[in-house]
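FYI, it's all coordinate maths here, none of it is from the lab. The shown structure was predicted, so the numbers you read here are calculated from the model rather than taken from an experiment. Methodologically, a virtual Cβ is constructed for each residue, glycine included, from the backbone with ideal geometry; neighbour enumeration extends over all protein chains shown.
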Amino acid sequence: MPHATISPITVHKIEPQPGSSFDFGAEIRGADLENITEADASAIINALYENQVILFKNQHTLSPKAQYELTRLFDPSATGYGHGKTLDAKRSILHPDLKTIPHQPQVQVIGNGPVAEFEGLKNITLKHPHHRTFHKEAISDEDDRENTRFYRWHIDAALYDLEPPKVTSLLAVKVPKTEFQTLRYDDGTGDEVQLSRGSTAFVSSYKMYDLLSEEDKAFVRGTKVQYAPHPYIWMSPARSRSDGLGLISDNLELPNDQLPPIDESKIKILPMCWKNPVTGKLALQVHPSAVQALHLADGTIISDLKEVREIVHRLQRPGIAPELVYAVNWEEGDMALFNNRGVLHTVTGSFLPEEVRIFRQCNMAASEGVVGPDE
C-alpha cells in the first residue's frame with residue numbers, strides 16, 4: 001500500500017430530505033480507490049464506522065480487483081465470499097440473485113435484465129428480487145409499477161459456519177432512471193416512503209437500539225440470537241411480513257431432515273447487540289428472517305418461533321420508521337460501502353424484464369466474530 005502521512009479525503013454528511021431524520025451516511029471525496037495510501041485507508045475506515053454508509057461518486061472505471069481490495073481494508077485476513085458456497089444450493093433463496101465474476105470470485109454481479117457480456121460473464125440474465133416472490137401478500141399487478149415494498153431487511157451473512165462480513169461494497173454500473181415509487185409498509189400504520197425505483201434502503205441499528213426503553217435495552221444486551229441452520233434454505237418455503245421485517249409463522253420452514261447435513265458446531269448463536277469498533281456504540285443487529293430461538297441472560301431459551309419473531313419485530317419495527325430510512329438514489333458510478341455489522345438494508349422496487357440494471361457487490365466472511373456488548 002502506498003505511504004502518505006496526510007490524506008486528501010474529506011467526509012461530507014448526507015443531508016436528509018425534508019421529513020426525514022436519519023442520522024447516518026456520508027459522501028467521501030478526494031479518494032483514489034485504485035491507489036489507496038495508508039492515510040487514505042485510515043480515513044476511510046474511520047469514516048465508515050462513524051457514518052455506517054459511505055458513498056464514493058464517479059467510480060465508473062473502478063476495477064473488480066480494486067473493489068475487492070477496498071472491501072478487504074476492513075478485514076485484511078478475510079478472503080472468501082461472505083456466503084461461502086451456499087449459493088450453490090439451488091434451494092437457497094439467494095441462488096437466483098447473484099452471479100460470480102470469474103476473475104474476481106469475491107465480487108458478485110446483481111441487477112436486472114439481459115446482459116450479453118460483463119466482466120467475463122456472457123449471455124447472462126439478471127433478476128431483480130421482487131417482493132411478490134417473498135411476501136405472503138403482494139401489491140396488486142395494476143399497482144405494482146407505481147408502488148413497492150421493502151423486499152427483505154437483512155444483514156449480509158451466511159449465519160451458519162461463517163462469520164458475518166464486516167462491510168459490503170456496492171458499485172452501480174448501469175442504472176435505469178425511471179419514475180419514483182411509493183414504498184408502502186402495508187402493515188396497518190399507513191406508513192409510506194417516496195423513493196427512486198430500485199433504491200437500496202438502509203436503517204441504522206444503532207438508532208434501533210437507542211429507540212428502545214431502558215428495560216428493552218437491558219433485555220437485548222443480555223440476549224443472544226440462535227440462527228437456523230442453513231437459514232436461506234430453511235426459510236425458503238416461508239413468506240414475509242409486508243414490511244419486509246421478518247417472516248410470518250405458518251409452519252412452512254423446512255424441517256432439519258430436509259436440509260443439507262447439519263453440523264451443530266456451525267450453528268450461530270450471536271449477541272443481539274454488536275459493538276462498533278470505533279465509536280463503541282451498540283447496534284441492535286438481528287437478521288429477522290433467519291432467527292430461530294432466543295437465549296436469555298437467565299438461561300431461558302425461547303424456542304417458540306412465533307413468539308421469537310414477535311419479540312424481534314417489536315424491538316426492530318420502530319427503527320424502520322419512514323423518517324429513519326436512508327434510501328440511496330443510485331447514479332451510475334456510485335460506490336457505496338456499508339457497515340454490515342451496524343445497519344440493516346433491503347432492495348426495493350421492480351423493473352420490467354428489459355430494463356437493464358447492473359451492480360457489483362463484494363463482501364467477505366469475517367476473520368473474527370462479532371463483538372458483543374460486554375466484550
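Run the numbers for Lys136 and Asp23: contour at 0.36 nm per residue of separation, minus the present Cα-Cα distance, in nm.
37.5 nm is the gain from fully extending Lys136 to Asp23.
Based on the Cβ-Cβ distance of Glu215 and Thr178, what FRET efficiency does E = 1/(1 + (r/R0)^6) give at R0 = 56 Å, to the nearest 0.05?
Numbers: r = 45 Å, r/R0 = 0.81.
Calculated value: 0.80.
Taking the chain as a Gaussian network, Cα atoms linked when under 10 Å apart, which of Glu332, Glu69, Glu214 shows the biggest mean-square fluctuation?
Glu214
222 nm [θ] for the chain, helices only, -39500 (n - 2.57) per DSSP H run of 4+, per residue, to 500? Show your work: numbers first, answer last.
Values: 6 runs with 54 residues, N = 375.
It lands at -4000 deg cm²/dmol.
Hull surface divided by four, with the convex hull built on the Cα atoms of segment 221-351: how many nm²? Intermediate values should be presented prior to the final figure.
Working: hull surface 42.8 nm².
Directional mean of the projected Cα hull area for segment 221-351 stands at 10.7 nm².
Along each principal axis of its Cα atoms, how long is segment 307-375 end to end? Whole angstroms, biggest number first, please.
47, 32, 22
In nm, what is the difference between 0.36 nm times the number of residues separating Ser367 and Ile269 and their Cα-Cα distance? List each step's numbers first, then the result.
Values: separation 98, 0.36 × 98 = 35.28 nm, distance 1.68 nm.
Extra length available between Ser367 and Ile269 comes to 33.6 nm.
Relative to the present Cα-Cα distance, how much length would full extension add between Asn256 and Glu38 at 0.36 nm per residue of separation?
Length gained, Asn256 through Glu38: 73.8 nm.
Kindly provide the pair-distance distribution of the chain built from C-alpha pairs, with 20 Å bins from 0 and whole-percent values in order of increasing distance.
Answer for the chain: a P(r) of 29, 62, 9 percent.
What Kirkwood radius, in Å to one decimal, follows from the Cα pairs of segment 116-169? Show your work: numbers first, answer last.
On the way: mean 1/r = 0.0680 Å⁻¹.
Radius from the Kirkwood sum: 14.7 Å.
Given H placed 1.01 Å from N in the peptide plane, which residues other than close sequence neighbours of Gly246 have an amide H under 5 Å from its amide H?
It is Trp153, Arg241, Ser289, by chain and number.
As a quick test, which of the pairs Lys122/Lys174; Lys57/Lys281; Lys266/Lys306; Lys99/Lys136; Lys166/Lys281; Lys65/Lys268 have an alpha carbon distance above 21 angstrom in this structure?
Lys57/Lys281; Lys266/Lys306; Lys99/Lys136; Lys65/Lys268
Taking the Cα atoms of segment 11-75, report the difference between the largest and smallest coordinate on each principal axis, in whole Å and largest first.
That works out to 39, 23, 18 Å along the principal axes.
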